[in-house]
Amino acid sequence: MPDKPQDSLLIVDDNEPNRALLAVLLERAGYKAAIAKNGIEALEILRSNDIDLVLLDIMMPGMNGYEVLETMKNDPDLHHIPVVVTSAIGDMDSVVKCIELGAEDYLYKPINRVLLEARVGACLEKKHLMDKEIKQLEELNQMKDHFVRTVSHEMKNPLALIMGYVELLLEDEMVPEGEAREFIISIQRHTQQMGNLIRDLLDLSRIETGMSLDLEATKLAPLIETSIDNFKFLAEKKSITIDYTPPETEVVLTIDPSRVQQVLDNLLSNAIKYTPAKGTVGLSVEVAPERATIRVKDTGLGIPQEVLPRIFDRFYRVQRDDDDATEGTGLGLAIVKAVVDQHGGDIQVETVVGQGSTFNVTLPYRSPPSDENVSSTALPDKANSTR
C-alpha cells in the first residue's frame, strides 16, 4: 500500500477494458483513478486537475502517447508529473524513445498487478521526495530574501550617518591634503559602493515581490535624453562618444517611467564602463506597430557566449582580467531584466568578444494620445543630450 492513498492517477488509454482493469487495480491499491480516452482529453484533465502520476498508452488514434508525453514535458505546468508508459509495443526502440521523451518507467501489456503497484509506488515516492525538496528550497529562498531585505533596510541609516561624517571631514580644513585625506576619500568611495549595493538589493526585492507599476503614457525620448545627460560626464572622462539616433516619430509607451529610466541608466552605465577609452556607445529606437525596441550598443569588451545565460543572474559578473577594476554591485542587469519582464517586454543580447555588445529592450508600444495625457519624463527636465 502506498504511503499516501490520496494520490490521484490518470489512466490514458483508448481501449475501454484496459482502462477499466487499470482503474480497478489502482483503486484496490488505495489510489484515486481518473480516466481519459485519448491524448486531447488527457491534457484537458491534467490542466484542470491535480494529478500525481499518469499511466499512458502509446498506440492511440489522433494524438498518440509519444505526442502526449512530449507535450507534457514541454509544458512548465505539467513537466513535473511522472509518466509510466503502458504499451503492448515490446521493442527496445519504443522504450528508449519514451525514456528520452521523459517517461519515468515503461510497463508491457498485459499488466502484471504486483509489478504495476511496485513501479507506481516507486515513481510516486520519488515525486514526493522531489516535491518536498522543492518546497524546502522555496522556503529557504523566501527566508533568504526576507533576510536580505531586513539587513539592507537596517544598514541604510548607519551608512547615511557614516557618509555624513565623511563629508564633514572632507570639508574640514583641519584635514590637509595628504595620506589622511586619501584615507577619508577611500572610506567615502567604499561607503558609496555599499550604499549602491543596498539600494540595488532593495530595488530588486521590491520588484521581485510584485511591486506594482505606476503605468502612464510616457514619451520615450526625454527618458533617453535624461539618461544620456546623467552619464555624459562619465563618458567624457573616458573620451567615449555617445551616439544617439532619435526615432523619426514620437514614441509613447505605457510604462512606469521611473522604472524604465532605471533600465536605461543601468544599460548606458554598463556600456560606458565596459567600453575602452575613445570608444563609442550608441543608442537608437526601432518602432514597430505594437512595440518599440531600445538598442544600447557599445564597442567594449563583449561577453563570452558560454556565460550569456547567466548575465541576468543576481550578483553574477563576468570574470576577466581586463575588467577586474570595473566597479559594480552585480545587480544592475538583474534589475533590468526584472523591470522589463514586469512590463511584459523582452531583452536580448548580441555580443562578440573584443568587439562589443548590443542590448535590445523591447516594450509594448501604443500610438501617442493627446498631449495633456502624456508624461514627457518621470524626472526633472535636463539639458539636451549628447548627439
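Here, each number is a calculation from the coordinates, and none is a lab measurement. This one's a predicted model, so the numbers in the text were calculated from it and none came from an experiment. Reconstructed Cβ throughout: ideal geometry from the backbone, glycine too, with neighbour counts over all protein chains shown.
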May I ask you to order 300-307, 335-342 by the average number of other C-beta atoms within 10 Å around their residues, highest value first?
335-342, 300-307
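Size of the dipole of region 8-111 about the Cα centre, Lys and Arg at +1 and Asp and Glu at -1 on the beta carbon, nothing else charged, in debye to 20?
With only Lys, Arg, Asp and Glu charged at Cβ, the dipole is about 280 debye.
What translational D, rounded to a whole number of µm²/s, comes out for region 8-156 from Stokes-Einstein when the hydrodynamic radius is the Kirkwood one over Cα pairs, at 20 °C and 1.002 mPa s? Walk me through the intermediate numbers first.
Numbers: Rh = 16.7 Å.
D, rounded to a whole number, is 128 µm²/s.
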Once the Cβ-Cβ distance between residue 315 and residue 189 is put in as r, and R0 is 22 Å, what FRET efficiency do you end up with, to the nearest 0.05?
0.65
If packing is taken as the mean number of other Cβ atoms within 10 Å per residue, what is the order of 125-132, 9-16, 279-286, 47-54, highest first?
9-16, 279-286, 47-54, 125-132
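Would you work out the relative contact order for region 8-111, in percent, from Cα pairs under 8 angstrom that are 6 or more residues apart? Don't skip to the answer; put the middle values down first.
Details: 172 pairs, mean separation 25.1, N = 104.
Reported relative contact order: 24 percent.
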Can you pick out the pairs among 238/297; 37/127; 109/132; 238/337; 32/73 whose Cα atoms lie more than 21 Å from each other?
37/127; 109/132; 238/337; 32/73
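Using 0.36 nm times the number of residues separating residue 138 and residue 167, minus their current alpha carbon distance, what extension gain do you get? Kindly include the intermediate steps, with their values, before the conclusion.
Values: separation 29, 0.36 × 29 = 10.44 nm, distance 4.25 nm.
Gain on stretching residue 138 to residue 167: 6.2 nm.
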Calculate, for residue 41 and residue 346, the FRET efficiency according to 1/(1 + (r/R0)^6) with r their C-beta to C-beta distance and R0 35 Å; round to the nearest 0.05.
0.50
Any chance you could check the Cα centroid distance between region 18-85 and region 100-130 for me, in angstrom?
13
